[in-house]
Structures are given as C-alpha cells and as structure tokens.
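Below: the structure, in structure tokens.
Any read-out appearing in this document is the output of simple, stated calculations on the displayed coordinates, not a laboratory observation. Predicted model only: the values in this text are computed from it and were never measured. Here Cβ is always computed from backbone atoms with ideal geometry, including for glycine, and neighbour counts include all displayed protein chains.
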Amino acid sequence: MRQEMAEREASEQLRGRQRPRSPRGWGLLQALWYLSFYRAVITERHLRRRAMAFIFIRFSAWQFAGCDRLWAGLVTALCASVRAHFGALPLSVFHVLGSPPRFASGFSQREWAPKRGACLKLGALLLALGAGAAALLLALLVPGLSQSRLLKALGSAAASLSGSGLALGAFSILKNVVVSEKRRIERLTDSDRFAAQLGFMSKVRAEVRALVDFLAFMEVFERRRLRVVLEVTGLERCYPEKVAGVLTAISTLLSDANAPFIFILAVDPSVIVPCLEQTGCMKGMADNGYLYLNRSISLPFSIPEMGARSRLQALDAAIQTREDLMYRIITRNVEQRRRRRSAEGDRGATEDGDGDAVRCIHEAFRCLHDGADPLSRYLPTCGTHVRRIVNTIPITLRLLLHRGAGAVAPRAAAAWVVLADRWPCRLSWALQCAEDAGQSAAGPGPEPRSLWSIFEEHAAELGALRKALSNALGLDGDPELFQSFLQRDFPFTARDARILLAVTVNLDHSIRHKMGLLRGLDRLQAAAVPPRVSRSVQCPHPE
C-alpha cells in the first residue's frame, strides 16, 4: 500500500497536476485559514485525483479486552490516531468553526467557497471591538468628552461583548484541544448511567461523523485522497460478546457509503465462528457464524499455507531475533573468556560448557534451515509455532548438557522439539502407553521399541476416547506426517523418549495425565463388568 501510494503521487506529478500539500509548517497556517473562513467543495477534478495517502492504525483487541465496551475502544483508537496524525489544533478548529464539505453543483471546479456567515460574524465582532475601543479612547483622551458617561458605557459594552464573543470562540477551540474525542467517548463509557443512556450511540456516531467530515476537508486541502486503514488483531483472545461488539462497530463505521475507512480483520475463523454462535447476534441467520462473517466481510482473503521457502524465511527471521537477544552476547562472552583463559593458562569447565551449548544450538538451527534435511519439511506453517520452536530448542539443549545427556545429537533434540510442538496429543498418547507398559513389565527399564509401534498398537483405544480428547486432538497436525515422522525419518524409541522427556518443556504434561486417568477408568469399568456365563438348559422329553 505504501508502494502504491508513492507510485500514484509520482504519476500525478508527471501529468502536471497540482502538487499535494501537507498541514505542516506554513501549511498549518494555511489549513487553519481555510478551516476558519472557507468550506471545502468536492468537485469532479477532486474525484478524479489518483494521489492517495494511507493512515495506518493498529488495533489489538487484547489491549482493550478489559473495557466494558470493546467496540468503544475501537472508536477511541480511531479518533486518537487521526488526531495524532493531523495534530490537535486543526481538528479542534474544525469542531468549532468548520463546516462539512459539499458537492459541487454542475461542472464547477472551485474547490473552496467562502463562509459568508462566518466572515460577517467575525467582521461584525471586530468592527464592534474596534468601535468600542475607539469610543473608550475618545472618552479617556479627549478633554471635552472625558465627562461623557454615555460614551464610556457604550464603548465598554461594545468592547466587552465583542471581546467576550472572540474569547468564547478561543475558549471553545482550547477546550477541544485539551479534551480530545477519545476522552469524551471515555467519559460517556465511564458514566454510571452508561447502560441507560439511550443517546449514547447517537453521540458516538456524531463524533465519527465529524471525523469523517474533517477527513473529507483535509482531502481537498491536501489535494489527494485519504484512507484510514485499521488493522484489527487479537480478537481470538477476547470474550464472545466482545468479539461480536467489535464486528458490530466495524459494520456501524462502514455504514456510511462515503466513510474513508478500510478494515483489515486478521482472525482465525475456527476460533471466531464459535464465539459468534454463542452470542445473541446470530438471530435470523440460523446460528451460522460463517454466514455472519460472509455478510460482514466484503473482501475475504484466506492466507494459504506456507511453502518450503516461506517456512525457511520465517525460521530465519525467528532465529535472527534470537541472535539479537542472546546468542551474540553468549558468543562474545565465550570469546572474551577464551582470550582471558589463554592469557592466564586456566581452563574452566564452565567456559567449555558455554562453548558446547553455543555449538549445539547453531548445529540444531542449521538442521532446521537446511532444505535438504527431512526435518525442515516438518516445520509448522504458523509463524507463532516457528518462534515457539526456535525459543525452545536452546533451552532443551542446555538442559541436556546440564544433565550430562551428551549422547543425544542436536539434530535429534531439535526433531523432538518439533514433534512435541506439531503433535502434542498423539505424542502424549504414545508416551503414556509406553509408561503404562513399562510399569506393568517386570524388566528394569523400558523396552527398546519404537514410539510408532507403540502408538500403532494402541491407536484403536485412542479412537475410542476421541470424544473425551477432542480438544487435545485438535492441537495436532497432519496424522500422515506424524506417521512418516516417527516411522521413517526419526524413529525414536521408548528409551530415547525417557531421556528426552526429562528435558521437554514445550509439551503440556496435563494432556498425558488426563490420558492416564481415562485409561485407568476404562480398565476399572472393564474389570467391574462380570463375564458372561453360557448355560445349557435341558428341555424335558416331550413324552
């Protein structure tokens, strides 16, 4: 959008059109002059302008989740961002002296029409102020008129009335500068009578209407089209009622055909749709959340899954962030300790441990970033999960080195972290079945069986518990990839799982605990059912 904005402005300048201007510096004085004494006229030439400017606003619904009305937070964020972009003074002058733009009649190209009423009022006030001041000066300075009480009274009255009118206008502008639109809406929401205020929505719509008129005025002044782009995120972490309130606020703001707003709603439909279906906004739509979204969103854009190159780019960005936070500092500390150690001839185990940790971490990241390595194919397509894996691998490797489990390769540790992140439910089931088998066996340790064979043996039992574990199963990725991961590319055994489970920090152990309880209950129910006894009944001889 920024690139499109720059290309359009360059194209307009090549065509010899009027250059856009900005309300900065001397342009601010010019904007204030037009705001006070002129009314903007939307002409055909203005509608044909291709130069455009975007005002970007990021709205995280999670930041306003504690408000009584989340949609009111959306409106206040809009007002505050527009005020910060143009400045408090132009918006305040428009609230007091400005007039909404009007469309041109016919093919007139005049973009500014003088406000005769405002000019006459200001002229009358200045004339009255001048006349009153002159009368007072005459009464005070001219000897023959110094005793005239009537002249003094008329001069004082004219000066005071005109001065008070000008002071009242200046006070109104100053009040709007100090008390912003955001603060006015917050006062309405903080009122004890908020629930009973029937005119609350009308007041909010009046504030938004004034904001839309101001943006239309600034379009004509800046000689380019203005669009306010609001990026709405974080709705998945809010309560269902507040999710519906934000969508209602978006529909309200877009109800005006000339509203210069563009909403980018970044949501996960699998989370938003159940929230909508739990609220009362679905009446008349057969409780279908997808139908509600289809009627609310005018341009749906479903982001496809990442390809191999995009996954590696996301991984590289996440690793670079971790490099900035930790690994450069660690590497610098290791180099300084090596130099000091070579100078003093002292070799410490702590320095060697830091160096081994850094080497293992970088080796694990190289395996993830290598497109030829099978591990890179199992990276998740969600950027959040990629960052979770990148943040977990260093902790896992440091714990392995601390526990003396140096036999585990960095590549295997990275693969285990990916396995726990992509398929937490299926991995927990295989670990629980392996643990139960080890507890019931007479041997001292777990069998060297592969995790896939254990999972395959008890897969039918997991299918029987799918209703109780439906939420946990929803966390897993593709089941076919899980099979190829454990059966072909990374055949972890039960012994490997016992070593790695002690340092696993990205696997929710409550899932495995719930699975253990469900298996125990099933065994108790099976033991409580008495076996069926077949009885043979001997019929008497018919004779």
Original post:
For the range 373-510, what are the per-bin percents of Cα-Cα distances with bins 10 Å wide, up to the bin holding the maximum?
Top reply: 11, 43, 37, 9, 0
Original post:
Applying the Karplus parametrisation 6.51 cos²θ - 1.76 cosθ + 1.60 with θ = phi - 60° to the phi angles of the range 464-473, what ³J(HN,Hα) value in whole Hz is obtained for each residue in order, glycine and proline being reported as x?
Top reply: 6, 9, 5, 5, 6, 10, 5, 5, 5, 5
**OP:** Figure the gain on full extension for E456 and S296 (residue separation times 0.36 nm, minus the Cα-Cα span) and round it to one decimal in nm.
**Re:** 53.1 nm
**OP:** Give the long-range amide H neighbours of L226: residues separated by 5 or more places, or on another chain, with amide H under 5 Å away, using H modelled in the peptide plane at 1.01 Å from N.
**Re:** A53
Subject >> Ranked by how many other beta carbons lie within 10 Å on average, peptides 392-399, 253-260 from highest >> reply: 392-399, 253-260
Original post:
What FRET efficiency do you get for Q487 and R102 if R0 is 56 Å and r is their Cβ-Cβ distance, rounded to the nearest 0.05?
Top reply: 0.15
Subject >> Charge-dipole axis of the range 357-491 as Lys and Arg at +1 and Asp and Glu at -1 on Cβ define it, positive-most pick from A364, L473, F455 >> reply: A364
**OP:** Using packing as a proxy for protection, rank 425-434, 409-418 so that the peptide with the highest average count of other Cβ atoms within 10 Å comes first.
**Re:** 425-434, 409-418
Original post:
How high is the FRET efficiency between R58 and R187 when r is their beta carbon distance and R₀ equals 25 Å, given to the nearest 0.05?
Top reply: 0.50
Original post:
So what's the net charge close to L211: Lys and Arg +1, Asp and Glu -1, counting the other residues with Cβ under 10 Å from its Cβ?
Top reply: -1
**OP:** Pull out the extension gain between Q109 and A6, defined as 0.36 nm times the separation in residues minus the alpha carbon to alpha carbon distance; nm, one decimal.
**Re:** 34.5 nm
**OP:** Collect residues whose amide H, placed 1.01 Å from N in the peptide plane, falls under 5 Å from the amide H of R58; neighbours closer than 5 in sequence don't count.
**Re:** E231
Original post:
Which FRET efficiency value, to the nearest 0.05, is calculated for I262 and D316 with the Förster distance at 30 angstrom and r the Cβ-Cβ distance?
Top reply: 0.45
